[in-house]
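*Asks:* Quick one: the structure is below, and I'll ask about it shortly.
The values are calculated or read from the model by the stated rules, or taken from the named source; none is laboratory data. Please read these numbers as outputs of a predicted model, since none were measured by experiment. Every residue, glycine among them, receives a Cβ derived from its backbone with ideal geometry; neighbour counts consider all protein chains shown. All accessible areas refer to the heavy atoms of the entire protein, side chains included, with ligands and DNA or RNA removed. Shrake-Rupley method; radii C 1.70, N 1.55, O 1.52, S 1.80 Å.
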Amino acid sequence: MNHLAYLRGKITEHRAKSKSFAKSVLSSLMNQAVSSGTNFALTVYLARTLTTADFGLYGIGFAITLLYAGVCDALFLTQMVVHAPEKLPDDRLPYAARMLSALVLFCVLTASLTILLLCLDATSSHLAGQYFALALSIVAASVSFALKDFFIRHAYTVRRENWALWVNIVVAATLAAALAVKYMLFGGFGPAGALWVYALSNLAGAAVGFVIVGLPMASVCMKEIYKDVRHAWVGGRWAFVGVAVTWSQTQLYMYVTAMFVGPAGVGLANAARILVTPAMFLMPAVTQIVMPRLATLRTTNLARMIQMSTIFSAGLVAFAALYSIALISTGDFIAPMLTRHYRYVDVAPLVGAWCVMLVFQFSRIGAVTCLQILKEFRAVTLSNSISLLAAVPIAVILMQMIGVSGAILGGAIGEMVFSVLLYKVVKMKYVALRVHM
């Protein structure tokens with residue numbers, strides 16, 4: 001009887017865990033559907049209304065926004081997720097409050113310094129003055145996105161995915177309302193106006209997130225912030241460099257294209273990228289829900305954590321391949337609905353290049369997540385640096401040979417090299433672990 005009761009208890013516990021995980025997955029998918037759907041709708045709207053050059057400028061501004069958000073993620077958010085399981089239960093919320101305070105201080109200092117430099121440049125350079133409004137909108141979008149992202153990551157860390165959903169809903173609603181009001185009052189707008197609207201919506205989401213999560217900000221003191229930042233900097237410094245290198249590789253197509261063709265070429269590449277964007281939305285959705293769980297598994301079963309990260313990547317690669325096949329088969333039907341200025345035949349080579357990029361980007365996600373959880377930020381950065389050194393000359397050569405699609409394929413080759421190097425490191429870690437078991 002005792003044995004049967006034990007089995008029943010285990011079955012009940014397993015069912016409860018499965019139900020909880022399924023609920024988390026559903027919440028995560030809904031979150032990403034709202035968040036990515038909002039960005040996707042805005043991108044499609046701008047692709048259909050802006051000129052090719054203005055759409056290219058918006059793409060460049062948005063890429064800079066992602067770079068800044070990535071730096072904040074490397075220094076604060078990823079460190080918070082990785083180190084949170086090590087904190088005592090009573091200190092986890094105060095720890096999150098301290099990391100939020102550190103992030104706010106960082107945003108204030110960097111934004112103030114950037115605005116000061118922009119003002120000085122605008123008075124001495126005609127070119128800087130011409131793009132001053134665009135630069136200010138990029139600063140606003142960068143800071144607001146980084147602050148909003150904190151509350152998304154915190155919600156996943158504490159397993160309250162519904163908080164993230166509310167934040168994303170507010171962002172979507174504010175964006176739609178701001179676009180409508182701006183259009184009715186001012187008519188059409190350029191890339192700077194689009195980024196200001198994006199900044200406002202993300203700031204609204206950050207404000208709602210702050211209210212919902214209710215962090216104990218009164219417990220924060222500078223001494224503890226300094227201690228946490230120093231601790232985070234150990235891995236964060238490599239993650240910081242890694243973000244810069246990763247951005248340089250993922251946006252390789254953009255600056256190589258801008259160098260040879262200009263903003264109009266970037267606009268064309270981004271128009272083709274719209275067709276693979278829905279698949280790219282899956283990446284943060286699953287990573288945000290998988291990473292905290294793998295971080296917890298690290299403390300109980302390290303070998304299993306490494307195995308699960310590899311399975312994670314395999315599933316994503318299979319999805320990317322199937323999506324690419326479906327897209328190429330139906331592209332001539334879908335493209336006219338998304339990009340008014342281009343026929344599918346005009347962007348088909350670029351779409352094929354983006355599909356190759358998609359597969360190789362997805363192939364490395366599990367390894368990157370695994371090594372981040374193991375705090376091997378140095379290994380990730382060094383591997384990425386090697387792949388970037390290979391990708392840049394290849395992208396330039398292919399750009400000169402076959403045009404914009406060549407720049408995209410150069411970045412894809414870099415992603416392939418990055419993935420191979422990462423899995424070599426993961427394999428070494430796994431073999432070393434099995435030897436010591």
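*Asks:* What pairs can you find where one residue is in segment 244-264 and on the phi > 0 side of the Ramachandran plot, the other is open to solvent by 20 Å² or more (accessible area, probe 1.4 Å), and their Cβ atoms are less than 9 Å apart, with a gap of 6+ or different chains?
*Replies:* Close Cβ pairs satisfying both conditions: GLY262/ALA53.
*Asks:* Would you please name the residue that is most open to solvent (accessible area, probe 1.4 Å), looking only at residues in segment 177-195 that are touching a residue at least 12 places away in the same chain (Cβ under 8 Å) and part of a helix (DSSP H, G or I)?
*Replies:* Residues of segment 177-195 that are touching a residue at least 12 places away in the same chain (Cβ under 8 Å), as a first pass: 178-179, 182, 188, 190-195.
Still in the list and also part of a helix (DSSP H, G or I): 178-179, 182, 191-195.
On the way: ALA178: 18, LEU179: 33, LYS182: 49, PRO191: 15, ALA192: 23, GLY193: 15, ALA194: 1, LEU195: 0 Å².
Going through the qualifying residues, I end up with LYS182.
*Asks:* Oh, and also: So which residues in segment 325-364 are modelled with pLDDT of 70 or more, open to solvent by 40 Å² or more (accessible area, probe 1.4 Å) and more than 14 Å from ARG273 (Cα to Cα)?
*Replies:* Of everything in segment 325-364, those that are modelled with pLDDT of 70 or more, open to solvent by 40 Å² or more (accessible area, probe 1.4 Å) and more than 14 Å from ARG273 (Cα to Cα) turn out to be ILE325, ALA326, SER329, THR330, ASP332, PHE333, PHE360.
*Asks:* Does THR51 satisfy being open to solvent by 40 Å² or more (accessible area, probe 1.4 Å) and at pLDDT 80 or above? Step through it out loud before you land on a result.
*Replies:* Details: open to solvent by 40 Å² or more (accessible area, probe 1.4 Å): yes; at pLDDT 80 or above: yes.
Here the answer is yes, as THR51 does meet what is asked.
*Asks:* Name the single residue, out of those in segment 269-320 being in contact with a Gly (Cβ under 8 Å, 6 or more places away or on another chain) and farther than 16 Å from MET357 by Cα, that is surrounded by the most Cβ atoms within 10 Å (Cβ to Cβ).
*Replies:* SER309
*Asks:* So, one more: Report the residue count in segment 253-263 for those that are over 19 Å from the mean Cα position of the chain (by Cα) and crowded, with 17+ Cβ neighbours inside 10 Å.
*Replies:* 5
*Asks:* May I ask you to verify whether ARG378 is touching an Asp or Glu at 6+ places or on another chain (Cβ under 8 Å) and either within 14 Å of SER248 (Cα to Cα) or in a helix (DSSP H, G or I) (or both)? Let's see the steps before the verdict.
*Replies:* Numbers: touching an Asp or Glu at 6+ places or on another chain (Cβ under 8 Å): no; either within 14 Å of SER248 (Cα to Cα) or in a helix (DSSP H, G or I) (or both): yes.
Answer is no for this residue.
*Asks:* Against the condition open to solvent by 60 Å² or more (accessible area, probe 1.4 Å), touching a residue at least 40 places away in the same chain (Cβ under 8 Å) and out of contact with any strand residue (DSSP E or B) (no Cβ under 7 Å at 6 or more places or on another chain), how does MET416 come out, does it pass?
*Replies:* Working: open to solvent by 60 Å² or more (accessible area, probe 1.4 Å): yes; touching a residue at least 40 places away in the same chain (Cβ under 8 Å): yes; out of contact with any strand residue (DSSP E or B) (no Cβ under 7 Å at 6 or more places or on another chain): yes.
For MET416, the condition - open to solvent by 60 Å² or more (accessible area, probe 1.4 Å), touching a residue at least 40 places away in the same chain (Cβ under 8 Å) and out of contact with any strand residue (DSSP E or B) (no Cβ under 7 Å at 6 or more places or on another chain) - is met.
*Asks:* If you take the residues of segment 196-248 that are under 19 Å from the mean Cα position of the chain (by Cα) and aromatic (Phe, Trp, Tyr), which of them is least open to solvent (accessible area, probe 1.4 Å)?
*Replies:* TYR198
*Asks:* For segment 84-98, what are the residues that are part of a helix (DSSP H, G or I) and open to solvent by 10 Å² or more (accessible area, probe 1.4 Å)?
*Replies:* Residues of segment 84-98 part of a helix (DSSP H, G or I): 84-86, 89-98.
Within segment 84-98, ALA84, PRO85, GLU86, PRO89, ASP90, ASP91, ARG92, LEU93, PRO94, ARG98 qualify.
*Asks:* A follow-up question, please. Tell me whether segment 243-260 contains one or more residues that are part of a helix (DSSP H, G or I) and over 18 Å from ALA395 (Cβ atoms).
*Replies:* Quick first cut of segment 243-260, residues part of a helix (DSSP H, G or I) only: 243-250, 252-260.
If we keep only those that are over 18 Å from ALA395 (Cβ atoms) too, we end up with 243.
Yes, some residue in segment 243-260 is part of a helix (DSSP H, G or I) and over 18 Å from ALA395 (Cβ atoms).
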